[in-house]
Amino acid sequence: MRPNEEVEALLQEYADLIAITGGDAFKARAYEKAARAIGGHPVDVSHLNAAGLREIPGVGKSIAEKVIEYFRTGNITVVEETRARIPAGVRQLITIPTLGPKKAITLYEDLHISSVGELADAIKAEKLRDLRGFGKKTEENILHGIALMQQAGERILLSTAMEPAEEIVAELSRITDCENCAYAGSLRRMKETIGDIDILVAAERSAPFMDALTELPRTAEVIAHGQKKTSIRTVKGLQVDLRVVRPDSWGAALQYFTGSKAHNIRTRTIAVHLGLKLSEYGLFETEGGKRVASCSEGEVYARLGLPWIPPTLREDRGEIEAGLRGELPDVVTEQDIRGDLHTHTDLTDGLAALEEMVAAAAERGYTYYAITDHAPNLYMQRMTDEKILAQREHVRSLDGRHRRMRLLHGTELNIGPDGEVDWPDKFLQEFDICVASVHSHFNLSREKMTRRIVRACENPHINVIGHPTTRLIGKRPGIDADLDEVFAACARTGTALEINAQPERLDLSDEDILRARSHGAKFAIDTDAHSILQLAYLRYGIGTAQRGWLTPEDVINTWPLGRLRRFLRKDRVD
């Protein structure tokens, strides 16, 4: 675990402890914010002094002193003291809605319950009813709280939420008098997982839209049905919240409901300093209440002295400061991408033939396109020298035939435990591009895993490290490696880091991208497409890249083909 992540976990724990002991809610939120900021900070915080720490958003003098104490002594005194006051197991119970700290402590001390599962079993066995302050109604409330907690904890992939969100927006946009309709929240910010879907409509009358949402074919349950907000649950269990606002409040409402919460706190603070008040209804003068901005997001930000900030940057990770300085990045967009550098065909584990993938890529308007089927060390793919050479001839015959799109013949190599790859140098030098990825041996020591990937970076024929951490969101954690050393090696050797757009990967993550960018690394936003439809996954890689503050200059597949080819040579002499 990175030092930043260690501190993040500790500060988040302290925030939780403050809440459990009934401490100041503002103080708890301050520590939560600082924890997130430190966890996502690209620089190793163990190397920073107090002044350097205080430059991190949300980190003040007191928190900076605690961080320094941790790296000096190995613990934080106030956290240790607060932790000692809370019995083990109570922290998990306290996360249940409707169950307060006192009842959680009672359950632990009297019934030795220290987990949500044990509590649910105890309620079914009616063991709580003899406790003072508990009864049948309390049991019902707790069970409902457990259900709410489990529902809140069930986050889905970005792509899974995007489909129903876009369908609902399309349906509601067709209703007469709809002036604007969009999804907001974490989905608009392109977070890798989504809790629920927020839909916003601008119209003079709300009833037609509220009724329409409840009547959609995908609606399974109506949770709440009102004039200002309606909530439903889809047939797949996803909650959708719809809000209808007046058209003249659209910009302020979209900004507010897009979030993030931390970003909104910053914009409201700026408003206060300007003698204004910002809400979902608009930006108002504190004295007199005159509305000064609300129709568009750009208008609201401009009145605050800021440029319009892309939703993907709104996480309070320095975007406010950059905007005030006029240094907000022009983030990479889907239109900037000239080609996809990591795709598969049915020669290995893809679903479509080479001609079909090439034609589909050309339809997307690409200037160039790479085919990178698996190499032989992934034995289930049954690749051979003869097969890959025959494919190369096929690729050459198709080069330029589809809308003059140029084709690159490549391969996805497997990085072995010692950093070795599938083919020898003489064979590799004939490929236009080589992607290298870890596909096995995930449990090597940190030192060996780091050396394994660095050695791959140092190979003069490897151009891109594919899905660098190997994570599968919600299924498999990333490998344990010193990523900062890997990122530095990529920058040093001219090896790009992939942002794999597969929705269950999104690897690198946004926070890792921020760190890698600080080392000077370059990136490739690839789909790793195994079918024609998966070429459209590019949008998720773009969203993740934007969250990592990347510009077209940072991304090698936005470059003209000549510049890309020079990068792919890695200055080697064959």
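The values are calculated or read from the model by the stated rules, or taken from the named source; none is laboratory data. Note that the structure is predicted; figures quoted are calculated from it, not measured. Heads up, the Cβs are rebuilt from the backbone with ideal geometry, glycines too, and the neighbour counts pull from every protein chain shown. Accessible surface areas use protein heavy atoms only, side chains included; no ligands, DNA or RNA. Shrake-Rupley method; radii C 1.70, N 1.55, O 1.52, S 1.80 Å.
Pairs linking a residue in segment 424-441 that is in contact (Cβ under 8 Å) with a residue 60 or more places away in the chain and open to solvent by 10 Å² or more (accessible area, probe 1.4 Å) to a residue that is part of a strand (DSSP E or B) and among the aromatic types (F, W, Y), with Cβ atoms under 8 Å and 6 or more positions apart or on different chains, do not occur.
Are there any strands (runs of 3 or more DSSP E) wholly within segment 195-244 with 3 or more residues that are hydroxyl-bearing (S, T, Y), and if so which? Spell out the reasoning first.
Numbers: elements: 197-202, 219-225, 229-234.
Output list reads 229-234.
Out of segment 555-568, which residues are out of contact with any Pro (no Cβ under 9 Å at 6 or more places or on another chain) and of a type outside the set (S, T, N, Q)? Reasoning before the result, please.
In the first step, residues of segment 555-568 are kept if they are out of contact with any Pro (no Cβ under 9 Å at 6 or more places or on another chain); the result is 555-557, 560-568.
V555, I556, P560, L561, G562, R563, L564, R565, R566, F567, L568, listed by residue number.
Under the condition of being surrounded by 21 or more Cβ atoms within 10 Å (Cβ to Cβ) and part of a helix (DSSP H, G or I), the residues counted in segment 455-479 number 2.
Criterion first (in contact (Cβ under 8 Å) with a residue 24 or more places away in the chain, among the polar types (S, T, N, Q) and open to solvent by 30 Å² or more (accessible area, probe 1.4 Å)) does Q255 satisfy it? No.
Would you tally the residues in segment 517-534 being small (G, A, S), open to solvent by 10 Å² or more (accessible area, probe 1.4 Å) and modelled with pLDDT of 95 or more? Steps first, please.
The first filter runs over segment 517-534 and keeps only residues small (G, A, S), leaving 518, 520-521, 524, 529, 531.
Narrowing the set further to residues that are open to solvent by 10 Å² or more (accessible area, probe 1.4 Å) leaves 518, 520, 531.
Going one step further and asking which of them are modelled with pLDDT of 95 or more, we end up with 518, 520.
Going through segment 517-534 one residue at a time, the tally reaches 2.
Each residue in segment 535-574 was checked for being over 24 Å from F431 (Cα atoms), open to solvent by 10 Å² or more (accessible area, probe 1.4 Å) and not β-branched (V, I, T), and 9 of them qualify. Check whether at least one residue in segment 175-190 is surrounded by fewer than 21 Cβ atoms within 10 Å (Cβ to Cβ) and at positive phi, and report yes or no. Within segment 175-190, one or more residues are surrounded by fewer than 21 Cβ atoms within 10 Å (Cβ to Cβ) and at positive phi. For segment 319-354, a tally of residues being closer than 21 Å to I532 by Cα, open to solvent by 50 Å² or more (accessible area, probe 1.4 Å) and out of contact with any Ser or Thr (no Cβ under 9 Å at 6 or more places or on another chain) returns 5.
For segment 494-505, a residue qualifies if it is surrounded by fewer than 23 Cβ atoms within 10 Å (Cβ to Cβ) and out of contact with any Phe, Trp or Tyr (no Cβ under 8 Å at 6 or more places or on another chain), and exactly one does: E504. Here segment 506-516 is the region considered, the condition is being among the hydrophobic types (A, V, I, L, M, F, W, C) and in a helix (DSSP H, G or I), and the residue that is surrounded by the most Cβ atoms within 10 Å (Cβ to Cβ) is A516.
R563 fulfils the conditions (1) outside any loop (DSSP other than H, G, I, E, B); (2) touching a residue at least 60 places away in the same chain (Cβ under 8 Å); (3) farther than 25 Å from F442 by Cβ except for a single criterion, (2).
Entry remark, segment 400-416: residues being within 36 Å of the chain's Cα centre (by Cα) and open to solvent by 40 Å² or more (accessible area, probe 1.4 Å) number 4 in total.
Which residue is surrounded by the fewest Cβ atoms within 10 Å (Cβ to Cβ), if the candidates are limited to segment 361-376 and must be out of contact with any Ser or Thr (no Cβ under 9 Å at 6 or more places or on another chain) and either among the hydrophobic types (A, V, I, L, M, F, W, C) or outside any loop (DSSP other than H, G, I, E, B) (or both)?
Within segment 361-376, the subset out of contact with any Ser or Thr (no Cβ under 9 Å at 6 or more places or on another chain) is 362-368.
From what's left, either among the hydrophobic types (A, V, I, L, M, F, W, C) or outside any loop (DSSP other than H, G, I, E, B) (or both): 362-363, 368.
Working: A362: 18, E363: 13, Y368: 22.
Restricting to residues being out of contact with any Ser or Thr (no Cβ under 9 Å at 6 or more places or on another chain) and either among the hydrophobic types (A, V, I, L, M, F, W, C) or outside any loop (DSSP other than H, G, I, E, B) (or both), the top hit is E363.
Of the residues making up segment 278-300, those that are open to solvent by 90 Å² or more (accessible area, probe 1.4 Å) and touching a helix residue (DSSP H, G or I) at 6+ places or on another chain (Cβ under 6 Å) number 1.
Among residues of segment 176-201 that are among the small types (G, A, S), those with a Cβ under 6 angstrom from a residue that is not in a loop (DSSP other than H, G, I, E, B), sequence gap 6+ or separate chain, pair up as A182/L200; A184/D198; A184/L200; A184/F257; A184/T258; G185/D198; S186/I194.
Of the residues that sit in segment 27-61 and are modelled with pLDDT under 80 and outside any loop (DSSP other than H, G, I, E, B), which one is nearest to E81 (Cα to Cα)? Out of the qualifying residues, it is R29.
If I ask for residues that are in a helix (DSSP H, G or I) and closer than 21 Å to A436 by Cα, which ones from segment 517-539 would you list?
Narrowing segment 517-539 to residues in a helix (DSSP H, G or I): 517-518, 533-539.
Matches in segment 517-539: R517, Q534, L535, Y537, L538.
No other residue among E412, E447, E356, E393 is at pLDDT below 95 and either β-branched (V, I, T) or not in a loop (DSSP other than H, G, I, E, B) (or both) apart from E356. Residues in segment 415-441 that are part of a strand (DSSP E or B) and out of contact with any strand residue (DSSP E or B) (no Cβ under 7 Å at 6 or more places or on another chain): there are none.
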